Every structure is written in C-alpha cells, then in structure tokens.
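To start, the structure under review is shown below, and the notes come after it.
The values are calculated or read from the model by the stated rules, or taken from the named source; none is laboratory data. What you see is a predicted model; the values in this text were computed from it and never measured. Positions of Cβ are generated from backbone atoms using ideal geometry, with glycine treated the same way; all protein chains shown enter the neighbour counts.
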C-alpha cells in the first residue's frame, strides 16, 4: 500500500448539543481516491471540512505528512477544495478565477498564463479564458472550480458533493472525467457523496458512514459484495435482508429451511442478518426451488425487471433480465456463494434504513 | 396583448399624475424662480450671485462635511456588517434592527439630544470632568455636525451594505481561504468587490441627505457654521429671496445628479461585465 498521507486520530466534533463525530479514526494514503459515502447528516462533509481547515475538531488530531495541522488556517494547507455550490468569484472572469491562488502566491505572469491554459485543457474548456462565470452552465462552472483548485498543485483535492446539482447524464460524464483527471494528476482525491453508484464507480476506497460512525472501509467490490452490517447492505444497492439463525458454519436457517452458505465463524445457533442481492436470486420452476412462491409485481426498469415474489412468508425483491408473468407460481433458488451473513446490529447506526 | 398593454397604461395613470404634480411641477417652479427675476423676466443674475465667495464657501464646506460623514459611516458600518454576517441569521437581524433604531426616532429629537451631550456644560464634558480630563469644545464646530450626521445617517449606510454583504455566500469566502488568501486578502479581493453595489448605494444614501441637511447643522453648528442647506432655508424663510434660494437649490441638484450618475455608472459597468460573455 502507498504511503500514509493524512491521518485523522480520535476526532470528536459536536455542534451545540448534537454529536456529529465520535472518536473517528481514518487514514488516507498517497494517490488514493477515497470516497466518504453516507446519508445526509452522517458527518462526511464535516470530515472534509476539517481536512480543508474550515472546521476544527473539539478533540483529536489531524496529521498531514506526519505534521499536526489540526488548527492550521485553510490558506496554509496543501489542500484545495471543489465546493458543492462551485463558489466561483462572480466578479472575475474564468481566467481571473483560475489565477486567484497563483497570483496570491506571487507566480509570474507567464507561469500563470501557461497554468490557466493547461487547466482549461484539463477540464475540456480551452478558449474559455475570458468567459464570465455567471453566464456558464452548472457543469461548466464546476469544471472551472476544479481547474481553479488543481492549478495550485495541491497534494490532496477535496470534492464536496460536486455533482449533486447536475443532471444524470452530465453527472455521469463528469464522474468519468474526474477519474481520468485523477490518473493524470496523480494526487489524492477525497470525494464526498451520498450517491452510492457514484462512490462505487469512481473510488479506490469507499468509507461508508452513518450517524457519525464509520460502518465499513473497503474497495467498492468488498463493500458491495461483503457488507459488514445491515446498514451497508441496505445503503449500497438493493438488498433482501432477512432474519436468520446460523445453525453452524456454512449452514443458515432461513424462513423455515436450512440453506447452505459459505460463511464461517459466527458460532452455533446465533441470530444473524442474511443479505441476498436481488440480482443473485434465481427464479425457476416451482418444484426446483428452495422456496415456492407467487409473483406479486413486475416492474420494467430498462435493463432489468424488478420482480416481487411472495415466498416463505417474505417478500423477495428479485432482478432478472427476462420478464415474468404476474401471479405465476415460481420457485426461488439461492447459490451458497451469493448469501452474505452479517452479525446483528450492535447499535442503531448499523441498522438498515427502514423506508416503510 | 394590446389588452394587457392598455391595462398597464391604466394602472400607470396614478403614477403619472403623481410624477406630474409632485416631481415635475415643483422642479419647474424651482427652475422658473432660478432663471427669472422678481418680475418674471429671464435672467442669469441669480446663478452668478451663487458664485460669490460666501456661497461657494458654504457649498465647499457642505461637500466636505458630507464626504467625511460618508466615509466615517462606511468605515463604521462595514465591520459591523461583517460581524453580523458571521452570526446566525436570526441573531444578526436582531442586532441589525438595534442599529436601525435611530431611524425610528424623530431626527430632530435625536439631534437635540446630541446638542445636550456635546454642549459646553453637556453630558460629555461632565463625564470628562468626572474622569479628571480636560473639556472638549465640540458644540458649534464642524466635528459636532459630523457626529450628528453620522449618527442620523449611519442606518442608511448599514442597510444596503448589510443586504449586499449578507448575500455573499460563506462558501465564497471559504473558497478564497482555500486558494491561499488570508483574511485581509479575502476582504480586499473578494468581499469588497462583491459588496461594491452596497457600498455605492450606501454612500449615495448618506451623501445626499448629508449634503442637503439644515437641521443638523443648525442645531449642532449653532448657526455659526453655514452649510448650503442652511443658506437655502434662510433665503426662503428669512430673506424671502426665492430666486436666489432656487438658484442655490439648482447648484445643489447638480451635485446630487452627479452623485447618482456615478452610482448608475458603477452599476452599469457591473451588469455589463456580466452580460459580456
């Protein structure tokens, strides 16, 4: 693994009586694309603002390259931020916006000109030097904000939900551009979002947060395929989360049947949460399945069908590529490797988000 | 289409009447008196009289005091608005309303109160004596007039300034810090330019009443210091020289129009800059 660049140690933060973060520890490596993912109010933006220098923790330390920067003013940090609302200077044109940081550092005219050119090329806006920022679209403004940040050659770029105001198509193309940009710049990106798809498609590391607690840190694949608790399973992608009892290693009692799985180490006869992704469930003939049920609802979603099957006293969400008929009797089959066993939530923040 | 147009015209009628009766007609009278002699014949004599030294001196002093008061108001109000902007909205507005309080009182009353504070045996000197400090001879000096102007007109500066400063999103300030600007550089390169509309309209709203006031200068200047407003008042109420009073008003109007043009110009360049792209 690359060198450690940023370390947050035992961070506590509360606003008035509300505790936002409690004893938070996080290590960020050089050249890592790390995403803080969670619902609003989970503390992800607070972490970003602390790294940027806009908030100070009540207690705990922030180390940058081994140096304590906990109470260093933002202008003295080797970090730049891309703000959610772009926050461009409306009284300056594009070039003046990008040059703002460089001028303050006393760079030469020719250096600044070259940097502006380079940065505009980087964000695909060559020739826009003298455009007025207030006349630009949201996507263009966000690109200028990125250009304005990266010309300062920060060691870490902070991005605070930068695409939340953009429409879906634009958001997706900006996501691809950001990944490309990250490769070209070779610096650390810390990205904050509540959009799980965005987090999964862009990051090296995803930090899933809820109610101020880190729920899981891992690669996009590991948080999707091996969620550690019901919250992560529920927040990232769609999930069927069912109460079960771990009979022994590799066997779980689920909705009245003993189903083979691959998880071990939970003990014997222990209550657990069982998670199965909708796309991992097979629909088959009634007599071939582990459960027998009736199709209650079929919704066409474009690439897949969302199918609700009532079976074993549970309403299963299943995704298939082929359509099925509503009201038909079917069987459900689960492959052992597609069943994820999770320990029961130890606290409220680990619980699944109930939307009923 | 034409229907809504005629409806618009219908609703514009009261405003048109108002403008004709209370703006155009009085203006016409002022011009008429200014350009005629007592018998109604055209003359430039009134305007040439204005060029006499004592009138020019009064005009000069008026402009000077108005400028100084405007600058003091700006220097006082700006930090206040910066502090209020940092507070929570409700709290900020509460404190701001306190600063607007002088507006709710009769300015004649507040100026008379200042008279009792500043006069020879007034409250200020009582306090100074109590502390063993020498007296200050403030009453009937330009300084007293400036104090009165600042006190009365500060809200007119603070109001537009607060509106334009509180409109600046905090993340813009954070962006400036983020890019390496310290507090002073952020103020200089971001806050001031972005609040320029407020600065300009605040200055106009202080400068014009300060230039034309005669109550403050009469009460705190003790009729020893004559501002242009006092002379105009005297021409109309004591000397009954409406012709000269009107001519003086016209000269004053030129200054006010210049001021307003200046404001319009800065606003224009601002909006043109935005449209250019």
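Could you go through the stretch B:168-180 and let me know if any residue there is more than 10 Å from chain A (Cβ to nearest Cβ), more than 29 Å from residue B:254 (Cα to Cα) and either modelled with pLDDT of 90 or more or surrounded by 19 or more Cβ atoms within 10 Å (Cβ to Cβ) (or both). For the stretch B:168-180, residues more than 10 Å from chain A (Cβ to nearest Cβ), more than 29 Å from residue B:254 (Cα to Cα) and either modelled with pLDDT of 90 or more or surrounded by 19 or more Cβ atoms within 10 Å (Cβ to Cβ) (or both): absent.
Looking at the stretch A:64-161, the helices (runs of 4 or more DSSP H) lying wholly inside it that each contain 1 or more residues that are farther than 29 Å from residue B:195 by Cα and modelled with pLDDT of 95 or more sit at A:109-122.
Residue by residue, here is whether (1) farther than 21 Å from residue A:8 by Cα; (2) in contact (Cβ under 8 Å) with a residue 60 or more places away in the chain; (3) more than 14 Å from the chain's Cα centre (by Cα) holds:
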| site | (1), (2), (3) |
| --- | --- |
| A:178 | yes, no, yes |
| A:182 | yes, yes, yes |
| A:210 | no, yes, no |
| A:222 | yes, no, no |
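Under the condition of being more than 9 Å from chain B (Cβ to nearest Cβ), surrounded by fewer than 22 Cβ atoms within 10 Å (Cβ to Cβ) and touching a helix residue (DSSP H, G or I) at 6+ places or on another chain (Cβ under 8 Å), the residues counted in the stretch A:80-101 number 1. For the stretch A:134-145, a residue qualifies if it is more than 9 Å from chain B (Cβ to nearest Cβ) and either in contact (Cβ under 8 Å) with a residue 40 or more places away in the chain or under 22 Å from residue A:49 (Cβ atoms) (or both), and the qualifying residues are A:138, A:141, A:142, A:144.
For every residue, the table says whether it meets (1) away from chain B (no Cβ under 14 Å); (2) more than 21 Å from residue A:76 (Cβ to Cβ); (3) surrounded by fewer than 21 Cβ atoms within 10 Å (Cβ to Cβ); (4) out of contact with any helix residue (DSSP H, G or I) (no Cβ under 7 Å at 6 or more places or on another chain).
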| position | (1), (2), (3), (4) |
| --- | --- |
| A:119 | no, yes, no, no |
| A:132 | no, yes, yes, no |
| A:147 | no, yes, no, no |
| A:157 | no, no, no, no |
| A:160 | no, no, no, no |
| A:168 | yes, yes, yes, yes |
| A:190 | no, no, no, no |
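On the stretch given as the stretch B:95-135, residues that are assigned to a helix (DSSP H, G or I) and at pLDDT 85 or above total 19. Annotation: of all residues in the stretch B:120-154 being closer than 25 Å to residue B:206 by Cβ and more than 24 Å from the chain's Cα centre (by Cα), the one that is surrounded by the most Cβ atoms within 10 Å (Cβ to Cβ) is B:124.
Taking the stretch B:196-247 as the range and being more than 21 Å from the chain's Cα centre (by Cα), free of Cβ contacts under 8 Å to residues at least 40 places away in the same chain and either in a helix (DSSP H, G or I) or not assigned by TED's automatic domain parsing to the domain that holds residue B:115 (or both) as the test, the residues that pass are B:234, B:235, B:236, B:237. Given the criteria touching a helix residue (DSSP H, G or I) at 6+ places or on another chain (Cβ under 6 Å), more than 14 Å from every other protein chain (Cβ to nearest Cβ) and without any contact (Cβ under 8 Å) to a residue 24 or more places away in the chain, does residue B:122 qualify? Yes, satisfied.
Could you tell me whether any residue of the stretch A:302-317 is on the phi < 0 side of the Ramachandran plot and in a loop (DSSP other than H, G, I, E, B)? Checked the stretch A:302-317: at least one residue is on the phi < 0 side of the Ramachandran plot and in a loop (DSSP other than H, G, I, E, B). Of all residues in the stretch B:193-207, at least one satisfies being at the interface with chain A (Cβ under 7 Å from one of its Cβ atoms) and under 25 Å from residue B:260 (Cα atoms). Any chance the stretch A:336-352 includes a residue that's assigned to a strand (DSSP E or B) and either farther than 24 Å from residue A:208 by Cα or at pLDDT below 90 (or both)? Scanning the stretch A:336-352 turns up no residue that is assigned to a strand (DSSP E or B) and either farther than 24 Å from residue A:208 by Cα or at pLDDT below 90 (or both). Residues in the stretch A:61-79 that are buried (at least 19 other Cβ atoms within 10 Å of the Cβ) and farther than 30 Å from residue A:224 by Cβ were compared, and the one that is nearest to the other protein chains (Cβ to nearest Cβ) is A:74.
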